[in-house]
1. Just need a number here: residues in region 223-241 that are among the polar types (S, T, N, Q) and closer than 17 Å to Trp173 by Cβ.
2. So which residues in region 26-54 are part of a helix (DSSP H, G or I) and surrounded by 12 or more Cβ atoms within 10 Å (Cβ to Cβ)?
3. For region 1-11, does any single residue satisfy the condition of being modelled with pLDDT of 85 or more, assigned to a helix (DSSP H, G or I) and hydrophobic (A, V, I, L, M, F, W, C)?
4. What helices (runs of 4 or more DSSP H), lying completely within region 112-210, carry at least 2 residues that are buried (at least 19 other Cβ atoms within 10 Å of the Cβ)?
5. For region 231-267, enumerate the residues that are out of contact with any Leu (no Cβ under 9 Å at 6 or more places or on another chain), at pLDDT 90 or above and among the β-branched types (Val, Ile, Thr).
6. Could you say which residue among Val75, Val23, Val87, Val59 is closer than 26 Å to Val227 by Cα, modelled with pLDDT of 90 or more and exposed (fewer than 13 other Cβ atoms within 10 Å of the Cβ)?
7. Kindly provide the set of residues from region 90-111 that are surrounded by 13 or more Cβ atoms within 10 Å (Cβ to Cβ) and not in a helix (DSSP H, G or I), ordered by number.
8. Please find, among Ala20, Ala77, Ala69, the residue that is out of contact with any His (no Cβ under 7 Å at 6 or more places or on another chain) and either assigned to a loop (DSSP other than H, G, I, E, B) or without any contact (Cβ under 8 Å) to a residue 24 or more places away in the chain (or both).
Amino acid sequence: MKRKKGKYLSFHLMLLIPTALLVVYCYVPMAGIIIAFQNYKPALGFTGSKFTGLENFRVLFTNPGFMQALKNTVVIAFWKIITGLIVPVTFSLLLNEIRRSSIKRTAQTIIYMPYFISWVLMAGIIVDILSPENGIVNRLLGLFGVEPVFFLGDNNWFKPVLVVTNVWKEFGWGTIIYMAALTGIDLNLYEAAAIDGAGRWKQTLHVTLPGIAPTIVLLTTLSLGNVLNAGFDQVYNLMSPITLESGDIIDTLIYRLGIKNAQFGIATAAGLFKSMISAFFIVTSYKLAYKFTGYRVF
């Protein structure tokens, strides 16, 4: 028993630094939650600021901007979750049908690359691509006689742009997961299906999809925890005052209230509200993941 404990001691010691960072940067700052119940003044600190109870929440919930931001957050996050499931699964199935490994590796590399680009750089690329004057998208539309579209300055187009560009950047990572799941399918099942007369389409429906179904269910249920995470980095770098109506989300609202307007109590109340709802969905998603796939964190 002592030898076994000594065997894993070095691994436990390796966890000390990340555990300390987790406590310092994630748990210690939670003491600031008290600001949500105060008329917080930085000069007075936590102890000197006046306690106001639920007043900050009342002001927040009666603010029309908050309800609009909440609606935008849910809509954008919902479509990101849906497309984040459908596109990687579809692309993984298509890649799985490619027999030449060189073509498959090249395609995988190309779709993975955007995932490693920050949203600051990606936003600049998207602005150039969608520019109404010189953007490649509007130039292609012009070939068909379509007038230039101001994608990033039109409230009707801004949400779809957020969803599509998020898919472009993120679906490569999801494809890695599903491709790994595809490698775990027994090849004998394909041979048996072929003997029974099943073509590639039938094999996909009755062998491939059932084989990766547990992974699909697991990632879908775990994604419920992101129902209020519409992507601050992306929205902040692409949004402008023109598209505030359709693009403002809870995170950008918190940023404006807390950083720009110094309304620390209301901003903290909004953050606490989001955290409580997200915590509920995270717990629910893990329970669903355990129920349907047997997934456990430990």
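The values are calculated or read from the model by the stated rules, or taken from the named source; none is laboratory data. Note that this is a predicted model, so its numbers are computed, not measured. Note that each Cβ is placed from the backbone with ideal geometry, even for glycine, and that neighbours are counted across all protein chains shown.
1. Here is the first cut: in region 223-241, the residues among the polar types (S, T, N, Q) are 223, 226, 229, 234, 237, 240.
Adding the requirement that they be closer than 17 Å to Trp173 by Cβ leaves 223, 226, 229, 234.
Here the count works out to 4.
2. Once the filter is applied, which keeps residues that are part of a helix (DSSP H, G or I) and surrounded by 12 or more Cβ atoms within 10 Å (Cβ to Cβ), region 26-54 yields Gly32, Ile33, Ile34, Ile35, Ala36, Phe37.
3. No: zero hits.
4. 119-129, 155-183
5. Passing the criteria: only Ile254.
6. Going through Val75, Val23, Val87, Val59 in turn, the sole match is Val23.
7. Result: Ile98, single match.
8. Ala20
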